[in-house]
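Contents: one structure, followed by commentary.
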Amino acid sequence: MIIMEFLKSTDIDSNKGKRFYSRKNFIFPDIVLNGLLPEVWTKESLIADGLDAYALCLAGMIPPKEFGNGMVLISKEIGVPATLVNLQKLSAKIARQNRVRIVNEIMLEISSRSRRFFHYEGKVAELVDKGRIYYKSERGSVKMVCLSIPDYRTPKGWNHGGTLFCLVKEFREFIKTGVKYDRSGLYSPHWGYPEIDMKAIQEKAKRLGYLNHIA
């Protein structure tokens, strides 16, 4: 989203007490400028366009004439009215789904190396978001494990040790909050993985946006 960049770029005339906005770098998305769908679009891009348009309005810019028609088009394609609240909810949902994907890609990387944690007979464990976050075991006979329990307990059906349980709980928090980690269980020295494999897993997590690049 561009709202924070936009607000940082505004200049205030202290004498008149008014804000003056430059439209050079911060213009409304095409869909609300011309009232037409872009040639290439996705549901996610339309939601982002709608939020950017609202951001500019909230920052003080005058909506273009086709603003309403553009929002009608967005509403039609996303299946709900393109109100600010609805777009924020959909954006948050998409972002959370993306974080689930990130975590599962990291687990897949872990499962492909050294001792192959999270792997069993061709299956790989994953986290599943059903409102609550569940651990879907790599052992097909085990039902999904709910992770919404106190840190000092391990859930029924968990078949790994405490180190991996803490890591999976960390994954759960990332899905919920989206906050990247400086310190993480991915830096634990207790896995028994070779250093080259640990480095590869950590670099993968950095590329995916799970770890910060400072460690």
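We did not get these values from a lab; they are worked out from the coordinates using the rules stated. These numbers were taken from a predicted model, which means no experiment stands behind them. Please note: Cβ atoms are built from the backbone with ideal geometry, for glycine as well, and neighbour counts cover all protein chains shown.
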Item checked: Stretch gain in nm, segment M144-E39, where the contour uses 0.36 nm per residue and the Cα spacing is subtracted -> 33.6 nm
Notebook entry, point to check: With labels modelled as points extended 7 Å from the Cα through the Cβ direction, what inter-label distance (nm, one decimal) is found for K123 paired with Q88?
Noted result: 4.1
Notebook entry, point to check: Quick one: what do you get for the range 92-208 if you divide its Cα Rg by 2.2 N^0.38 Å?
Noted result: 1.00
Next item on the list: Could you please rank I78, I31, I175, I149, placing first whichever residue has the fewest other Cβ atoms within 10 Å of its Cβ?
Entry: I149, I78, I175, I31
Checklist line | Within-11-Å neighbourhood charge of V32 [Cβ basis; K, R +1; D, E -1] | finding: -3
Next item on the list: Using the number of other C-beta atoms within 10 angstrom as an exposure proxy, rank V179, V80 with the fewest first.
Entry: V179, V80
Notebook entry, point to check: Just the Cα atoms of the range 124-182: what Rg and Dmax do they give in Å?
Noted result: 11.2, 35
Next item on the list: Write down the Å³ per residue value for the convex hull defined by the alpha carbon atoms of the range 158-207.
Entry: 85
Next item on the list: For the range 43-151, restrict the atom set to alpha-carbon positions and state the Rg and Dmax in Å.
Entry: 20.1, 61
Notebook entry, point to check: So for S188, S148, fewest C-beta neighbours within 10 Å to most, what's the order?
Noted result: S148, S188
Checklist line | Virtual spin-label span in nm between N159 and N69, 7 Å along Cα→Cβ | finding: 6.0
Margin query: At a 10 angstrom cut-off on C-beta neighbours, averaged per residue, how do the peptides 189-198, 122-131 rank from highest to lowest?
Written below: 122-131, 189-198
